[in-house]
Every structure is written in structure tokens, then in C-alpha cells.
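Enquirer: Before we start, here is the structure in question, set down as C-alpha cells.
The values are calculated or read from the model by the stated rules, or taken from the named source; none is laboratory data. Remember, it's a predicted structure, so these values are computed and weren't measured experimentally. FYI the Cβ positions are ideal-geometry reconstructions off the backbone, even for glycines, and counts take in every protein chain you see.
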Amino acid sequence: MEDKKTLRAPVSQKPHRIEKPEHPEYIGGSISIEINEKKVTVPLGTTILEACQQNQIHIPTLCNHKDLCVAGVCRICVVQVEGMRTLQASCAFPITAPIKIKTTTNAVRRARKHIIDLLLSKHSGECYSCFRNSNCELQSLAKEYGIDHYNFGHIDKPKYEIDDSSYSVVRDMNKCVLCKRCVRTCIDLQEVGVLEAIGRGYNTHIGTFGDKPLAEVICINCGQCINRCPTGALRTNDSRDQIWAAIDNPKKHVVIQTAPSPRAAICEEFGMEAGQSLTGEMNTALRRIGFDVVFDTNFTADLTIFEEGTELIIRLYNALVKKEKVALPQFTSCSPGWVKYLEHFYPEYVDNLSSAKSPQQMFGALIKTFYAKKKGIDPKDIVSVAVMPCSAKKFECNRPEMVDSGFKDVDYGLTTRELAQMIKEAGIYLPEMPKSHFDDPFGEASGAGLIFGATGGVMEAALRTVVEFITGKKIENIFANADITPVRGFEGIKYAELPITEVGPVPKLIAHLVPDWNWLKGATLKIAVVHGTANAKKVMDDIKAGGKFSECHFIEFMACPGGCIGGGGQPIPTTPEIRMLRAKAIYDEDKSLPVRKSHENRHVVEIYNEFLTDGPCGHISHKLLHTHYVKRGKYIA
Amino acid sequence: MVKGGKWFSEKGTDRSSGSKLFSVSGDCEKPGVYELSWGIKVSELLKLVGAKNTKAVQIGGASGVCIPKDQFDRTLAYEDVTTGGSVMIFNESRNMVHVLKNLMEFFVDESCGQCTPCRIGNVKLLEGVEMIEKGSYTFVHINKLKNLGRTMQVASKCGLGQSSPNPFLSILENFKDEIFNNGKGELNGR
């Protein structure tokens, strides 16, 4: 895809990382330099920072982030380059000549210390009352450079009001150090463009359009800025207190559902290396904290596959057989950040969004109807909590239309970080917990639901079911181990075509919707998987222009880079490597599960027999499991 | 143009050949733009523009250096005191702390706010000047600020932050008798 110039992301803001030669081993591809009098050879265009990191020389950084373009504004990473009058920011200095670098001269050490002193002089607040305590990059820099007092004073009164208008993201600009990672995240990484530096000089601050509260601008709540903030200036709107209150209230039946991604990442909050699943341990911990029952969101992820898959089949049937005008391609609706992005930026395409709710909201509706009835509990006494890797889920559960059970379907969204905090508050060391299972009647979930957490997961899960439904053949015969590899991986936009060469009988569950599959014989199913709203923008513009993606049938969109595993509620920090490890944890767990396809989940089949008696996309399911969207547009009054 | 490049380059000094337009302002009888040869002494220039009782000359604009009386035999040239053309003259009635404060306020205003040393550093230098003005300073703190200025000169991202500590450093160095030996900043000529 061509990188188009866009209005929202000015080209001047995109001095992306310097291209390195394809073959550094060729003559002229590498260059010899000296770092602290040690000779090393690096590929041409390597930054001084990278060269030092490759040679085990530590350079402190603050504004630099692996996911973002170079800024070079904090100046903490300065080094001495021989022959140059001034110190050079190592993150923004591509090596193109045989230079000599010194990283520990007096001027360098003094400059770094001064910069930390200056940042601290304007950083309001105290570490012990900050959620980033012991996970703060400014704090660790101060520790690294032995700052024991404020050399240039310390701001005594907060200057800015805390903006907690949004359900998802809270901004406390008093703690901001103006590294502009959030700005680069919003403009470059996500191409949403809500945050920007306002004012100049000492009065510079990060703000929204006209300094409006975050709830009144086109923020999609993806929370990627939170994940990249080096300090505690950005955080999620925390509902821990209300959840503790509900747990303490004996009259309340507190139900918690846990999404697939938190279990693959929560280990990081307990000092473990990324990429280890703590599913069973988390279940035990949640019960010990005081949650009455623990459910697996993967169960409704399986349900989502039924509803969304059936919806796709109906759309295709109406378009191909009945020749009706139908909004195609169908877009997934699991990612609330993506949904809000589409509502703001491409409101004319809201009909393409699957009307199926996200797994979180489906579960919310089921808990306060099906589960309440089954257990004989008054739904008004149920408090429904959802552990999500996501800040946008907090907004989603507060959408006014999400009350189909007659109550607020999901009462509170809880992020992975906040849950880890609750577990710590309860005095539990998670990795030492014994393992336990999820509770019935939703006790079993398939691997298909689990992989929703990684980009491509929804598509893979849907294909495992849809392909078996249509061809009547086992997916293992088509893709080894049922791993649909074309949709996996971290490429921004993935595209695949699946020719349907043979068809089988229509499964009983949806037999009333389509008489046979003959109309699909010989057709080619075209699908795409997109993550990160910057990539979504490319695909949407292509669809608008009638390009390749407009001919797709089904497109999976995730707002966050890497899918839910890289969500805005996940442990900080996040880097491409950490996201890869988390995804691996999810795929490994999927491999180990006995049931790996949504339609083989017997509990889901049961719920269609018992409760949603008119089948997927039937009347009852439409009432509880489907929703509608708002054409928000870019201008909010 | 008429007389050719050779004639032009005969003027001035070895490394600064030819003439230069100087914009002279401040305490003098004839402020204005003067075309003079490079290499002219500061004292000659002061005489030419009719400056009397001159205490200090700020050469090279706000980010240039400020030289006191005993250095007026220095020459305006790239090899000595360099300038883009700006010459500001202050006579004995001026308070150098006020001059410095004015210059630092200018830099606080002009800083774009991108890089840390310039964004916060200039404000800290200005606060230091205000402390001197009030007489509520300590030499420990002033020395800290001088060090900070030296950091700003090498660690700022662009030329503004790299040169904004120049007046702070040069005025505090060249006029330390006036500024610090007068107790609480109750200065001459106020």
C-alpha cells in the first residue's frame, strides 16, 4: 500500500526512522566507529543509540520509543562526538561517517543530570501517590543519576486541572514531561490526531483541540498513549474503588469475566518475563479476592463467531442469491476503539460493521438474563465486571445502548494493570497461586475464542467455523493443526483468498436461513486482517476508492497495534518484542486446548438449545447480542 | 561592485574581509546603520556614534556577548568579537541586572518549547536573575545556574537554546563587581 499524504498526519511530523542498507556486509554498507575508544562496525545509518545498545553501552532515553518516530527533544541521550561543538542526541544521530563517540564525559554526565533536574522542577506530584510508582521512566532516571534533592526547585502547586471527563483515559498534565510520545502515538502510530502540543516555551502543554475535555473530542479511547507515557501523566479511568465496594457488599453477586489477553500479559506486572499465561492462577486469585464467579470471555467470543459468522453468511446470501443491496465487506466489531474510530472518521460505513456486540457486551447481556434466571438471582443484584486489556472497553460498557438486559449490561471494565493492582492489594502473589477452572454454565471455551486476543485471531476463529460449516470438511485437512497461518503475524495489513471448491450440507443450526451452499461453490472468499488505526485508515481509503479491499467479504479490524495483546490496558511498557511474546503465549495455549473451534464448544451449542432458541441472528439473539452504531462524524458540538 | 572584489577584500582583517553593516542602538547620539570595515575597535565605533559614559556594549544581539569598559579595545571581527551586525550600547545609568533580565525574558518568550534544556533552562536562568534583583540569591545557586547555562550551550537542540545563556554567562562574569559587590543588588545609577 502506498503511504498517502493525509491531512491528519502532516508529512513534517513523520521523519521516520532512517532506512538501513539491505546488505550491510557489502562494501559501503557498514562503517567503523569508535565508542569510548573501542572500535566497532555498524551498518550505515544505525543511530548512535542503537550502536551503543548493540555494544552493551547503556544510554538513558526518555522521548525515544521503539514504536514511534524519532523526536530528539528530551536531550537525555546526548553523547559527545569528536569534532563537534555541541553534544548530539544519540537517538536522532544516524551514523554515516567514521566518528568517535564518548558517552561518559563530564559534559555528558552534567548535561544528563541537568536535564533530569529541569524535568523534575516542573514535574508536579509525589512518587508515592502515583500509579506509576516503581514503573516510571522519569523515576528510574532520577535513581540512575542519583538525584537526591531538587537542584532547580520543584513546582508546589498543580498547574493544570486533571481531565477525567473520558470513561477511558485520564490526563494529568502536571506530571507531563513533554516527551511527546503521546502526540506521536496519536498522530503517527494511530493517525487519530487528538493530542498535540499547545502553546510554546515554558507554557507548552499537551492538549486537545481547543483544550476541550477528552470526552468531547474524537478520541477513540484506544489508550495507546497511556502505554507509551513515561510518567503517570496518562492513565485509565480507574473503577477499582467501586468494584471493591461491590465485593464488600454481601447483597451483591459480583461476576467477573476475563478476556484472553490479560491472562497472557498479567505475569509482567509480577516481575515475570513476558509471554507466560497465568490463566488458572488468575482464576484462583480472582476467587480469593472475592469475586463470586469467574467466567471466560472466550465463551462469548465463541458465541460472537456464531453470530458474526451467521451474519456474514446472511449478508453474502442476500447479496449473491437475492441480489439485494447489502453493505459488504462486513467489518468486525469486537474492538471498541476501532468501532469509535469508524464512527468518527468513516460514519458512512457504520452499516458495514457487524451488528454483533463484542464478546464483553454479549457476556454482560447473558449474565443479567440467562445466568440470572438459571441461578435465580435478581439481575439488579448482579455486578458484572470485565477484565480487559483495553481502555476503550470502559467506554463501551458505558454506551447508552448497552442496556439490553434491562440493566447496564457490564457495570465496570477493569484493565489488566488495575486487576494486577487489586491482586496485589489483596496480598496475593499471582504466580504462586494454584490453578483452577472457570465456572459453569460457561465453563468451557474454545481455543478459537482465546486467539481473539492477537491480531488475526477473530478471522482465524471465524474461518475455523465458517469453513467447516460450508465445506463440511475438517479444517485440519485444509490447514495443518488448524493453524490458519495466512492470517497470523504482525504485518499491518494481511490479505488472503480462500477458494471454495466444494460444499457440504448446511448445519442444522442455520438450516432455516440458507437452503443449501451451492451458491457458494466456486466462489472465492476474500478476507483481510488489519491492526492499528493507521493501517485501518489505509484500508478504509482503499475501500472508498473502490480498490482491492472493497471486494473483500470480511475484514477484521483491531484498533491497537498487535490486536488486544497490545491494548491500552495492558502492562507498561509495550514494545514489538513484548507483543510478540504475548501473542505466542496465546497461540501456545490455543494449541494445548482440547476444543479449538467455536462450533465444537458444547456450552455454546447448549445455550442455543436452551435460551437463544431461534438460533444465531434470531429474534432473541438480536435483542440481546446485537447492537447499533452512531454516526458520530468528526465534528462534535 | 564598481571597484571590484580585490579592493573590497583589502578592507577589514585577514579572516574578516570587507565591510559590514552595523546596526547601532542604545545610549548614543547617533544611532543608526553604519557601514564600517571589519576590524574596527569597539572604542572607535563608540566615538563615531557619539556614545558617552558607556558602561557596556552588547554585541551580536540578545544572544551575543556583553563586554565591559576594559575590553573596549577589542575589535569587531570574526576572530575577536563577532556579530551579525547588532551593537547595543548601555551607559552608566543602566542597571546591568535589568539589562540581563530583559534579555532573559526575551529568550523565555522565544523558546519554542521542544527540547528540555531551552524550555525549562531559560526560565531557571530568568528566575536566577530575579533572585539577584531581589538580593535573595546564594552564590552556590548562581554557580549551579552558570553550569546549567554551559549545559544549555551544548545540549540544546537548536541555536537559540545554545546561545541563550551567552548574555547570562557574559554579564555575570564581566559585571560581577557591579552585580554582586553591592550587597543586596542596590545598584549604582538606579
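Enquirer: If I go through the range A:612-635 residue by residue, how many of them are crowded, with 17+ Cβ neighbours inside 10 Å and of a type outside the set (A, V, I, L, M)? Step through it out loud before you land on a result.
Expert: Looking only at the range A:612-635, we keep the residues that are crowded, with 17+ Cβ neighbours inside 10 Å, and these are A:612, A:615-618, A:621-622, A:624-627, A:629.
Applying the additional criterion that residues be of a type outside the set (A, V, I, L, M) yields A:615-618, A:621-622, A:626-627, A:629.
Here the count works out to 9.
Enquirer: Sticking with this structure for a sec: For the range A:315-350, which residues satisfy the criterion of being closer than 16 Å to residue A:525 by Cβ, touching a residue at least 60 places away in the same chain (Cβ under 8 Å) and surrounded by fewer than 20 Cβ atoms within 10 Å (Cβ to Cβ)?
Expert: Scanning the range A:315-350 gives A:317, A:320, A:321.
Enquirer: Quick check: is even one residue across the range A:316-323 closer than 30 Å to residue A:630 by Cα, of a type outside the set (A, V, I, L, M) and in contact with a Phe, Trp or Tyr (Cβ under 9 Å, 6 or more places away or on another chain)? Working first, answer last.
Expert: Pass one, the range A:316-323, residues closer than 30 Å to residue A:630 by Cα: A:316-323.
After this cut, where a residue has to be of a type outside the set (A, V, I, L, M) as well, the list is A:317-318, A:322-323.
Next, only the ones that are in contact with a Phe, Trp or Tyr (Cβ under 9 Å, 6 or more places away or on another chain) stay: A:317.
Yes, because at least one residue in the range A:316-323 is closer than 30 Å to residue A:630 by Cα, of a type outside the set (A, V, I, L, M) and in contact with a Phe, Trp or Tyr (Cβ under 9 Å, 6 or more places away or on another chain).
Enquirer: For residue A:103, all conditions in the list (1) within 12 Å of chain B (Cβ to nearest Cβ); (2) surrounded by 15 or more Cβ atoms within 10 Å (Cβ to Cβ); (3) more than 16 Å from residue A:230 (Cβ to Cβ) hold save one; what is the number of the exception?
Expert: (1)
Enquirer: Can you pull out the residues in the range A:351-384 that are buried (at least 22 other Cβ atoms within 10 Å of the Cβ) and touching a Gly at 6+ places or on another chain (Cβ under 8 Å)?
Expert: Result: A:359, A:360, A:368, A:384.
Enquirer: If residue A:24 satisfies all but one of (1) under 31 Å from the mean Cα position of the chain (by Cα); (2) surrounded by 15 or more Cβ atoms within 10 Å (Cβ to Cβ), what's the number of the condition it fails?
Expert: (1)
Enquirer: Out of (1) in contact (Cβ under 8 Å) with a residue 60 or more places away in the chain; (2) under 22 Å from residue A:477 (Cβ atoms), the odd one out for residue A:496 is which?
Expert: Single failed check for residue A:496: (1).
Enquirer: Looking only at the range B:10-40, count how many residues are in a strand (DSSP E or B), surrounded by 15 or more Cβ atoms within 10 Å (Cβ to Cβ) and charged (D, E, K, R).
Expert: 1
Enquirer: When you scan the range A:159-175, do you find a residue that is over 30 Å from residue A:411 (Cα atoms), basic (Lys, Arg), within 14 Å of another protein chain (Cβ to nearest Cβ) and surrounded by 21 or more Cβ atoms within 10 Å (Cβ to Cβ), even just one?
Expert: No; the residues of the range A:159-175 include none that is over 30 Å from residue A:411 (Cα atoms), basic (Lys, Arg), within 14 Å of another protein chain (Cβ to nearest Cβ) and surrounded by 21 or more Cβ atoms within 10 Å (Cβ to Cβ).
Enquirer: Right, something else. Tell me, please, whether a residue that is more than 13 Å from residue A:233 (Cβ to Cβ), among the charged types (D, E, K, R) and surrounded by fewer than 17 Cβ atoms within 10 Å (Cβ to Cβ) can be found in the range A:177-189.
Expert: no
Enquirer: Quick check: is even one residue across the range A:237-258 more than 30 Å from residue A:292 (Cα to Cα) and outside any helix (DSSP H, G or I)? Steps first, answer last, please.
Expert: Taking the range A:237-258 first, the residues more than 30 Å from residue A:292 (Cα to Cα) are none.
Within the range A:237-258, none of the residues are more than 30 Å from residue A:292 (Cα to Cα) and outside any helix (DSSP H, G or I).
Enquirer: Hey, another quick one. Please determine, by comparing only the residues of the range B:110-155 that are at the interface with chain A (Cβ under 7 Å from one of its Cβ atoms) and not in a helix (DSSP H, G or I), which one is nearest to the chain's Cα centre (by Cα).
Expert: Only one residue tops the list, namely B:111.
Enquirer: Looking for something in a loop (DSSP other than H, G, I, E, B), surrounded by 18 or more Cβ atoms within 10 Å (Cβ to Cβ) and at pLDDT 90 or above - is there at least one such residue anywhere in the range A:48-59? Walk me through how you get there before you give the answer.
Expert: Taking the range A:48-59 as the starting set, the residues that turn out to be in a loop (DSSP other than H, G, I, E, B) are A:55-59.
Subsequent filtering for residues that are surrounded by 18 or more Cβ atoms within 10 Å (Cβ to Cβ) retains A:57, A:59.
Retained after the next criterion (residues that are at pLDDT 90 or above): A:57, A:59.
Yes: the range A:48-59 contains one or more residues that are in a loop (DSSP other than H, G, I, E, B), surrounded by 18 or more Cβ atoms within 10 Å (Cβ to Cβ) and at pLDDT 90 or above.
Enquirer: Could you check how many residues of the range B:85-100 are assigned to a helix (DSSP H, G or I) and surrounded by 18 or more Cβ atoms within 10 Å (Cβ to Cβ)? Break it down stepwise before answering.
Expert: First, pick out the residues of the range B:85-100 that are assigned to a helix (DSSP H, G or I): B:96-100.
Cutting the leftovers down to surrounded by 18 or more Cβ atoms within 10 Å (Cβ to Cβ) gives us B:96-97, B:99-100.
Qualifying residue count for the region: 4.
Enquirer: Is it true that residue A:191 is away from every other protein chain (no Cβ under 14 Å) and under 30 Å from residue A:389 (Cα atoms)? Talk me through it step by step, then tell me what you get.
Expert: Working: away from every other protein chain (no Cβ under 14 Å): yes; under 30 Å from residue A:389 (Cα atoms): yes.
Here the answer is yes, as residue A:191 does meet what is asked.
Enquirer: Exactly one condition in (1) in contact (Cβ under 8 Å) with a residue 60 or more places away in the chain; (2) away from chain B (no Cβ under 14 Å); (3) β-branched (Val, Ile, Thr) is not met by residue A:57; state its number.
Expert: It is condition (1) that residue A:57 fails.
Enquirer: Output the number of residues of the range A:178-201 satisfying the condition of being under 24 Å from residue A:138 (Cα atoms) and in contact (Cβ under 8 Å) with a residue 24 or more places away in the chain. Can you show your working first?
Expert: Within the range A:178-201, the subset under 24 Å from residue A:138 (Cα atoms) is A:178-189, A:195-201.
Now narrow it down to the ones that are in contact (Cβ under 8 Å) with a residue 24 or more places away in the chain: A:178-182, A:184-189, A:195.
Here the count works out to 12.
Enquirer: Another question about this same structure. Could we say that residue A:538 is of a type in the set (Lys, Arg) and assigned to a strand (DSSP E or B) here? I'd like the intermediate steps shown before the answer.
Expert: Details: of a type in the set (Lys, Arg): yes; assigned to a strand (DSSP E or B): no.
Here the answer is no, as residue A:538 does not meet what is asked.
Enquirer: Looking at (1) more than 14 Å from chain A (Cβ to nearest Cβ); (2) in a helix (DSSP H, G or I); (3) in contact with a helix residue (DSSP H, G or I) (Cβ under 8 Å, 6 or more places away or on another chain); (4) surrounded by 19 or more Cβ atoms within 10 Å (Cβ to Cβ), find the lone condition where residue B:56 falls short.
Expert: Going through (1) more than 14 Å from chain A (Cβ to nearest Cβ); (2) in a helix (DSSP H, G or I); (3) in contact with a helix residue (DSSP H, G or I) (Cβ under 8 Å, 6 or more places away or on another chain); (4) surrounded by 19 or more Cβ atoms within 10 Å (Cβ to Cβ) one by one, residue B:56 breaks only (2).
Enquirer: Then there is this: If you check every pair at least six apart or on different chains, which have Cβ atoms under 7 Å apart with a residue in the range A:113-142 that is within 14 Å of chain B (Cβ to nearest Cβ) first and a residue that is of a type in the set (S, T, N, Q) and part of a helix (DSSP H, G or I) second?
Expert: What qualifies is A:114/B:151; A:115/B:116; A:118/B:116; A:119/B:116; A:124/A:174.
Enquirer: Only one of A:149, A:154 is assigned to a loop (DSSP other than H, G, I, E, B), within 14 Å of another protein chain (Cβ to nearest Cβ) and out of contact with any helix residue (DSSP H, G or I) (no Cβ under 9 Å at 6 or more places or on another chain); which?
Expert: Working: A:154 fails: out of contact with any helix residue (DSSP H, G or I) (no Cβ under 9 Å at 6 or more places or on another chain).
Only one candidate qualifies: A:149.
Enquirer: I would also like to ask the following. Within the range A:454-470, can one find any residue that is surrounded by fewer than 22 Cβ atoms within 10 Å (Cβ to Cβ) and part of a loop (DSSP other than H, G, I, E, B)?
Expert: no
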